[in-house]
Amino acid sequence: MSRIALPLFLRATRANRAYRTEEGARERLADVTTRPRSYGPPRLLRKDIRFEVEQVDGWPVYTVLPASGQPRGGLV
C-alpha cells in the first residue's frame, strides 16, 4: 500500500485505535502479554491428519502427520 493509502485504511477500519495514545498502547501491550493467544493447533482438525507435540528447549514443537500411512514430504 502507498504511504497515503495505509494511514487512511487504518483510520477507516480503526485498526490503530489502541495505539493512538501512549496510555492506550500500554494497556494493549499489557493485555496481550497477560493473556497471549494460543499457539497450539486448532481444536478441530480434518479427520485425515493428526499431530504430535514434543518439547524442544522448553518450546512446544508440533508435527502434523497423516492419520494413517507415512508422510510423503516435509515443510517448515
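Annotation note: chymotrypsin sites (Phe, Trp or Tyr not before Pro) in the chain located in DSSP loop regions with a Cβ neighbour count of at most 15 within 10 Å are Tyr39. Would you mind computing, in nm to one decimal, how far apart the modelled labels at Gln70 and Thr34 are, each placed 7 Å from Cα along Cα→Cβ? Between Gln70 and Thr34, the label points sit 5.2 nm apart. Evaluating 6.51 cos²θ - 1.76 cosθ + 1.60 at θ = phi - 60° for every residue in region 60-76, the Karplus couplings come out as x, 10, 9, 10, 9, 10, x, 5, 9, x, 9, x, 9, x, x, 7, 10 Hz, glycine and proline recorded as x.
For the chain, what's the relative contact order in percent, using C-alpha pairs closer than 8 Å and at least 6 residues apart? Could you put the intermediate results ahead of the total?
Values: 40 pairs, mean separation 12.2, N = 76.
This gives 16 percent for the chain.
The calculated pair-distance distribution of the chain uses every alpha carbon pair, bins of 10 angstrom beginning at 0, and gives 14, 25, 21, 25, 14, 1 percent.
The slack in the chain from Lys47 to Ile4, taken as 0.36 nm per residue of separation less the alpha-carbon distance, amounts to 10.9 nm. Note on Ala15 and Val61: their simple-model spin labels are 3.4 nm apart, each label 7 Å out from Cα toward Cβ.
Charge tally around Val61: other residues with Cβ under 13 Å, Lys/Arg +1 each, Asp/Glu -1 each, net -3.
Each Lys or Arg adds one and each Asp or Glu takes one away; over the other residues whose Cβ falls under 15 Å from the Cβ of Pro71, this sums to +1. Rounded to the nearest 500, the 222 nm mean residue ellipticity of the chain from helices alone is -9000 deg cm²/dmol, with -39,500 (n - 2.57) taken per DSSP H run of at least 4 residues.
Compared with the dominant Cα axis of the chain, that is its longest principal axis, helix 22-34 is turned about 20°. Of the trypsin sites (Lys or Arg not before Pro) in region 1-33, the ones in a loop by DSSP (not H, G, I, E or B) with at most 15 other beta carbons within 10 Å are Arg3, Arg14, Arg20.
Quick note: the coordinates plus some simple rules give every number you see, no bench work behind them. Computed from a predicted model, the values in this text were never measured in an experiment. Here Cβ is always computed from backbone atoms with ideal geometry, including for glycine, and neighbour counts include all displayed protein chains.
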